[in-house]
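Accompanying notes for the structure given below.
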Amino acid sequence: MVGYMWKPCAIGGIVGVVLSRALSVVLVSQSISHISMLEASAAGLAIGVMSTFCALLLRSSSDEEPLLPSSCIGDWLTRLGGPAVLLNAIAGAMAIMHSLAFTSNSFTFNEDSIVLHLVQTLTATVAVIALYSRMPSNSSKQRAAGLRALVCASATLLLNRIASYSTVCREEQLPGCTPTFYGLPSASISSVLLAAVNVTMVWLVPFVIMEFLKRSQSHRSMIARLWVSIGMRISMGMSAVYWLLDSIDGSYSSNTTLGSANLGPSAVAGTKSDWSDLRIVLARMSVGIALGCGLAAWWSSPFCLDVVVSTPSTLKPVGLVTRSSTKAQDAGLQKTAVVLGYGNAFGAAYLVFVTVVFCVLFLVQQPMGGIMLSLLLIKLLLCVETFDSLRDAFASDYSASLLPAQMATMAMLAYLDYFSTGHQFTLVSIQWSTAFVGVREMQLVICGLIVALNTLGSFILASTCVPLAVLWNESLGSRLLRLAPESYVSRLAGAAALYTGYHAV
């Protein structure tokens, strides 16, 4: 395989170095970036080689004149132990590199950038493995699963890059860091524009969740239609309006202070914008709907299932189970009971619980934090779908063997969005103003809990999504579930141990 690839990859690396050095000169001259020529060359070399490698694999996945024999790639991966061993080895290397970052002060100060590069490297490796599964030698079903994994991995790469835009700067990172969490570098409160963008998450997040549930037809169940489509949107909508009013109050107060300083108190007397009472009502109703209606809906409906009656002429979608009735119908056709969501009964039901936790965390995040937390939930679902598609692409039971790589990815996503939600590992970055979300005065326990939820929101959400790695797309009729139901408990415990182990390293 090396003989087929080293020349194109070398040419791609040279082109990448030349282009990156030329681009760095322009960026540095315009004071857009402070990257050095060595850093630009290294980045260009890596991007050029990886881009060429991915292009060769993509070209080889077509049926017409593949540049790389699939047998060569297959033999290469086999010698490495298979895709699962390769992914787990790279995930372990990323975990070790993350832990070694604390041996240097400069690495510690720039941990947000280091985590971004580590998770992007691991996700790019997953995308390359997904490209390999698109080889012509695989079946059409395997290639479709590989394409699904490739699309999910590519979307994760894009969302990670978007998430890296939001940041707050440590004192040690200045002047090479520009804070963007509040919208403007010099701002200390969120802008109204960010709060308006946060309102769009009210539509986006439930829409994406319903799209994930469509593959198994779980979106047609009553609990999904009532809670995800209606209840979740109402809870998130109240939270988004809360922060929109807070941003309006904050911007108005700053303008009032400026006018008072320039024109005197009489110029602004009698003009006051205070939505504090309404905001308290919205915050309490939001958390009440999430913990009351959301948990009640999840507890009363343990599976996202629905039953419809149709004729035999109706096509049976994926994830459905049919059971014929015993009575003949008037038209002479036998009716069929169709169970919707049978193929993802466990994963879809647990996802409903995840949305309840998300709604509570969404409330205590400031506008940019709410946007980033919404993207985190989408990325976690993409991660679950990516690895589930890889298991289908290789037509093997990789459910247990891919868990180390999957848990490492989810843990790094939690770290990345910890920084994206406006936090650093310093006491100064704690967002004390969120302590009064939904409360009128200082209450030690409640305010402390709110600050903890705000600070650890990304880790709480990622930890809540860990069981999805095992439960996603698991059918009620699974043979393993019938023969060894205790294996699910052991796999859940293994996933939790791997996720915890990453944070303990």
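The values are calculated or read from the model by the stated rules, or taken from the named source; none is laboratory data. No experiment lies behind these values; they were computed from the predicted model shown. No Cβ is skipped: glycine too gets one built from the backbone with ideal geometry, and neighbour counts run over all protein chains shown. Protein only, heavy atoms only, side chains kept; ligands, DNA and RNA dropped before computing areas. Shrake-Rupley method; radii C 1.70, N 1.55, O 1.52, S 1.80 Å.
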Quiz item: Of the peptides 12-18, 284-290, 462-468, how do they stack up when ordered by the mean number of other Cβ atoms within 10 Å, highest first?
Solution: 462-468, 284-290, 12-18
Quiz item: For the range 130-260, what does the alpha-carbon gyration tensor say about shape, rounded, prolate or oblate, given a ≥ b ≥ c as the root eigenvalues, a/c under 1.5 as rounded, and a/b over b/c as prolate?
Solution: oblate
Exercise. With the Cα gyration tensor of the range 359-461 in hand, convert its eigenvalues to equivalent ellipsoid semi-axes via √(5λ) and list them largest first in whole Å.
Key: 34, 12, 11
Quiz item: Put a dot 7 Å past each Cα toward the Cβ at H117 and I230; how far apart are the dots in nm?
Solution: 5.1
Quiz item: Can you pull the semi-axes for the range 164-214, root of five times each eigenvalue of the Cα gyration tensor, sorted largest first, whole Å?
Solution: 31, 14, 6
Quiz item: At a 1.4 Å probe, what is the % contribution of carbon and sulfur to the accessible area of the range 142-199?
Solution: 68
Practice problem: Go through 372-381, 115-124, 440-449 and give me the packing order, highest mean Cβ count within 10 Å leading. | Solution: 372-381, 115-124, 440-449
Quiz item: Distance in nm between label sites at E211 and F102, each 7 Å beyond Cα in the beta-carbon direction?
Solution: 3.8
Quiz item: To the nearest 0.05, what FRET efficiency results for A155 and A89 with a Förster distance of 30 Å applied to their C-beta separation?
Solution: 0.75
Quiz item: What Kirkwood hydrodynamic radius, in Å, does the range 93-182 give when the mean of 1/r is taken over all pairs of distinct Cα atoms and then inverted?
Solution: 15.2
Quiz item: In what sequence, highest mean first, do 356-367, 161-172 appear when ranked by Cβ atoms within 10 angstrom?
Solution: 356-367, 161-172
Quiz item: What is the calculated FRET efficiency for F425 to A187, with r their C-beta to C-beta distance and R₀ = 30 Å, to the nearest 0.05?
Solution: 0.85
Practice problem: Provide the net charge surrounding F212, with neighbours chosen by a C-beta distance below 13 Å and charges set as Lys +1, Arg +1, Asp -1, Glu -1. | Solution: +1
